[in-house]
Each structure stands twice: as C-alpha cells, then as structure tokens.
Amino acid sequence: ASTAANNLSFLYFLKGESNEAEKYADQAIESDRYNQCALVNRGNIHFKAGELEKARDYYQESLAIESGCAEALYNLGLTFKTMGNLDNALECFEKLHTILNNCPEVIYQIAALYDMKQDIQQSVDWFMHLITIVPTDPGILSQIGAIYDQDSDRSQAFQYFLESHKYFPSDISTISWLGAFYIDGQFHEKAIQYFERASLIEPQEVKWQLMIASCYRRSGNYQQSLATYKKIHMRFPDNVECLKFLVRICTDLGLKELQEYSNKLKKAEKSKELREQRRENSGRKSGRNRGSGGSERSNSGQRQPSGRQNSGRKQDQEIAIRDTNSGRKKPVDATYSDPIGDLPPRPRTAARSRVVEDDDFGDEELGDDLLPE
C-alpha cells in the first residue's frame with residue numbers, strides 16, 4: 001500500500017497537481033514510516049513550493065533511514081545550494097560522487113559550486129573532468145570559456161567558446177561573445193559573420209543589424225555601412241539610433257540625403273517623446289486610482305519612467321533644420337551611441353609645422369679663412 005501510494009504521489013507530482021501528490025505522499029508515509037522514497041517525494045513537494053527548510057528535514061530523515069539514498073543526497077545538495085549553504089551542498093555532492101562515480105549531473109554540480117565559491121582552479125579541474133565524459137556538451141564548453149574569460153585568459157576562453165559554437169551554432173550568447181572577441185581584436189570582417197548569424201536567429205532584434213553596420217563603418221567600408229543603415233531604416237523606420245547614424249554618415253560623406261534623414265530623425269524623436277509622455281500619464285493615472293482606494297482598475301502596475309534621459313555625452317554635432325510651423329531653426333540631437341563602443345583613436349602623424357630659426361651669424365663678418373678660394 002505504501003509503495004502504491006508513493007507511486008501515485010510521484011505521478012501527480014510530475015503532472016503538477018501538488019495537492020494530490022501531497023495527499024498520497026502522506027498516505028505512503030502513514031503506511032510505512034521507513035519508506036525513504038515517500039519521504040523524498042514529500043520533500044520534493046515542499047521544495048517545489050519554496051519551503052526549503054521543510055524539504056531539507058524530509059531529505060535528512062530519508063538519509064537517516066538509508067544513508068546511501070542517491071535521490072535524497074542529490075536533492076538535499078540542491079536544497080543547500082538554493083539556501084546559499086555552499087559548503088554543505090558541496091559535501092552532499094562529493095559524498096554522492098563516491099557512490100555514483102562519473103555521474104555527469106553530480107560532477108557538474110560540484111564544478112558549479114566551486115565556481116560559486118570563486119575557486120577557479122578547482123572549478124576548471126572538475127569541468128575538465130566532466131568534458132571527458134560528455135565532450136560534445138555545448139553548455140559545459142561555454143561555461144568553461146566563461147570561467148577563463150572571468151580569469152582574463154581570453155585566448156583559452158576563445159577556444160572553448162568556438163568549440164561550443166561548433167556543437168550549438170544557434171546559441172545567441174556564444175555568438176555574441178565571439179563577435180565581441182573579434183571586435184576587440186579589430187577583425188571586423190570576422191565579427192560581421194557572427195552578427196549576421198545572430199540577425200538570422202533573431203530577425204526582429206535591431207541591435208544585431210546595427211552592429212553589422214557599425215563593423216562595416218569601423219573597417220572603413222562606408223558605402224556598405226550606409227547601405228546597411230538604409231536597409232535597417234526600411235525595416236525599422238522609427239529607430240532613432242539608426243537615423244542618428246544615417247545623419248552622421250551623410251554629414252561625413254557630404255550626401256544630399258542629409259536634410260531628408262534630419263527631418264525623419266526629428267519626427268522620430270518627437271514621436272518617441274509623445275509615447276513616453278503617454279506612458280507617464282497612464283502611470284500617474286494608475287497611481288492615483290490605487291492611492292484613492294476606489295473600485296476602478298488600474299491599467300498598469302507600475303509608473304513608467306518618462307521623457308528623454310540626458311546621456312551626459314557631448315553632442316557630436318547639431319544640424320539646424322527649419323521648423324515649418326514657426327520658421328525658426330531648431331537643433332536636432334544627432335548624437336548616437338555606437339553599439340560596439342567608440343572608435344579607436346587614430347594614430348597621430350609626426351608632421352609638425354616647421355619653425356624658421358633666426359640665423360645667428362647674420363651680423364657677423366666671415367673671416368678670410370672661411371671664404372671659398
């Protein structure tokens with residue numbers, strides 16, 4: 001009876017019906033107080049509900065009955081880890097490792113715990129042991145790369161991120177890291193390849209396409225950069241950052257489209273400001289409704305920040321365009337934030353203005369011995 005009730009409890013737990021799972025787990029424990037599996041299931045129900053201390057007590061009671069219960073040890077380790085008690089969690093998983101030798105899940109938990117304890121060398125050693133068991137796991141490879149990256153070993157990090165990308169080429173975080181790595185090394189053409197893959201995976205994410213255009217601009221291919229920005233503008237006509245880049249490039253290249261994009265930038269900024277004002281007004285109205293204690297339901301849960309934020313950056317340029325309503329010239333904010341950072345400083349040349357020095361011998365007479373014969 002206890003075994004049947006425990007099996008029913010586990011099935012209801014998998015279905016997400018916690019009340020039924022709890023009922024049958026209690027029946028299993030009442031039938032057999034020494035059923036360690038029923039105690040583990042009861043602990044799982046508390047763990048899922050966020051009642052970590054109760055879950056810990058049930059797991060420990062199960063281990064008191066059978067000290068080698070793998071499920072109880074593993075779940076107790078997870079409970080300690082969630083509670084922030086890393087030393088006790090590590091003790092549980094290391095004890096379980098002696099029981100289940102070369103179990104990937106246990107080794108991963110040990111490696112992750114050492115990483116959380118900032119013990120880089122131990123963490124790397126355990127992860128290295130893990131990839132000998134699961135050599136093609138992209139998540140493990142990228143995690144090793146992240147550890148080396150935190151330790152400022154970029155070359156080793158690159159090797160593991162590249163290996164992870166080979167097994168899982170659509171992982172956005174890995175693609176982003178590799179693209180940033182090539183940008184840091186000034187290999188913008190290689191970075192473009194990764195950002196193009198990212199734009200295929202997330203076609204509605206404008207930042208990847210902005211990064212592609214910025215890479216073209218950094219590599220000196222201004223025409224291709226301009227063409228890419230124009231394509232972005234066609235797909236995202238209200239994107240203010242794209243319009244700012246277009247205004248800047250048209251200014252640098254002296255193109256006639258400057259006035260057109262300046263007008264579009266002004267309209268996009270005005271439209272953005274109006275949307276933010278509407279959100280602000282909606283947030284204020286919702287706050288008044290909540291504060292008055294009335295029966296009206298608020299439309300939004302939190303007050304949204306409004307208005308354009310001052311970036312604190314100096315304006316790179318101000319392009320004066322004529323305001324059709326008032327006839328006055330109004331400056332357009334054409335400052336922009338490069339998605340991959342500022343351009344590296346250009347090397348300074350050694351050329352300097354020549355200074356003509358006065359002839360110190362202008363007032364002196366030359367002796368006969370200095371005159372040509």
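The values are calculated or read from the model by the stated rules, or taken from the named source; none is laboratory data. In this text, all values refer to a predicted model and were calculated from it rather than measured experimentally. Neighbour counts run over all protein chains shown; Cβ positions are idealised from the backbone, glycine included. These accessible areas exclude ligands, DNA and RNA; they are computed on the full protein's heavy atoms, side chains included. Shrake-Rupley method; radii C 1.70, N 1.55, O 1.52, S 1.80 Å.
Structure summary
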| item | result |
| --- | --- |
| Within the accessible area of the range 1-98 (1.4 Å probe), percent carbon and sulfur | 48 |
| Solvent exposure, largest accessible area first (probe 1.4 Å, DNA, RNA and ligands not counted), of LYS244, LYS266 | LYS266, LYS244 |
| Full-stretch length increase - ASN85, ALA4 - with 0.36 nm per residue and alpha-carbon distance subtracted | 25.7 nm |
| Entries in LYS15/LYS117; LYS48/LYS207; LYS95/LYS117 that, when Cα-Cα distance is taken, lie over 27 Å | LYS15/LYS117; LYS48/LYS207 |
| At R0 = 51 Å, FRET efficiency that the Cβ-Cβ distance of GLN159 and ILE65 yields, to 0.05 | 0.60 |
| Computed over the range 1-121: relative contact order in percent, which uses C-alpha pairs under 8 Å that are six or more apart | 15 |
| Accessible area per residue in Å² at 1.4 Å probe, computed on the range 127-227 | 48 |
